[in-house]
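FYI, it's all coordinate maths here, none of it is from the lab. Nothing here was measured: the structure is a model prediction, and the numbers come from that model. Cβ coordinates were reconstructed from backbone atoms using ideal geometry, including for glycine residues, and neighbour counts include every protein chain displayed.
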Amino acid sequence: MRVHQLGEGTPEVAVVAGIHGDEPCGPLAVERLLAEEPTVERPVKLVVANEEALERGVRYLDDDLNRSFPGSADAESHERRLAYDLVTELRDCTVLALHSTQSTPRPFAVVDSVDAVARAVCPHLPVDVLVETDGFAEGRLIDHAHTVEVECGLQGSDEAAENAYDLIRGFLAATGVLPAPESADRLDAGLSDEVSVFRLADKIPKPPAGEYEVFATNFEAVEAGARFATYDGEELAAEVDFYPVLLSPYGYPDLFGYTAERVGTLE
């Protein structure tokens, strides 16, 4: 784990990149920000978490780090030890954790539940969707207080790295580390006047097969009876109306993604 600090004093704000070693967008954005040496109004930590996995270009060495929190100092698993160290490093900080996905190029935010931190931070990010995981966050960093995850875009893409940089700057403005953009600059910064909130409802299992396809679009309604995916040509149809989240043919080994309900907005 590599930790950089901008500004003097004890940071109460942190950005975490590289939780997964096959998601380079966050570390690239952190390095870009460090190279700029911005003047900050309060101190911030910039953390590159799973350096070993990043060097090998693999998601993890022993266990998925984002299913290993809070971890253990004495664990045999590299990621479980790292989870413990990372939680210790982030104690008392408001945190942005950067990820990427195989499901959509559209950046969006993820929280365990919509709380004061989510309401304060997410309207300042260049996203128009917030996903509330509710009961699906066990072992993830967002299961701990004051943490917002962001999916920056498609894994390995230049666009995801660009989005990650914009998301970091939006977060640092929201937390007072960098100056907030003037209202006239909000549109140029990709800020939305309204953030739609979706709550995960259920997993969509992926049966064993050699070939998968998906036909629905993430965050767009799927009506009951509509075909939304196939496995080896076998069709899956919606039993009830739902919104797909993190839906992709190969993003998860045993899931197509999740069903969700749209529950409101943040303004």
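Key figures
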{"item": "Any pair with Cβ under 6 angstrom, 6 or more apart, that starts in segment 1-27 at a residue that is free of Cβ contacts under 8 Å to residues at least 60 places away in the same chain and ends at one that is among the charged types (D, E, K, R) and part of a loop (DSSP other than H, G, I, E, B)", "result": "21/59"}
{"item": "Residue ID - farthest from residue 262 (Cα to Cα), chosen from residues in segment 215-243 that are within 25 Å of the chain's Cα centre (by Cα) and of a type in the set (S, T, N, Q)", "result": "217"}
{"item": "Residue among 92, 85, 22 that alone is part of a loop (DSSP other than H, G, I, E, B), within 24 Å of residue 146 (Cβ to Cβ) and of a type in the set (Asp, Glu)", "result": "92"}
{"item": "Filter result for residue 91 (crowded, with 19+ Cβ neighbours inside 10 Å and without any contact (Cβ under 8 Å) to a residue 40 or more places away in the chain)", "result": "no"}
{"item": "From 100, 113, residue being under 18 Å from the mean Cα position of the chain (by Cα), among the polar types (S, T, N, Q) and crowded, with 22+ Cβ neighbours inside 10 Å", "result": "100"}
{"item": "Residues (among the β-branched types (Val, Ile, Thr), surrounded by 14 or more Cβ atoms within 10 Å (Cβ to Cβ) and closer than 16 Å to residue 172 by Cα) located in segment 35-64", "result": "40, 44, 47"}
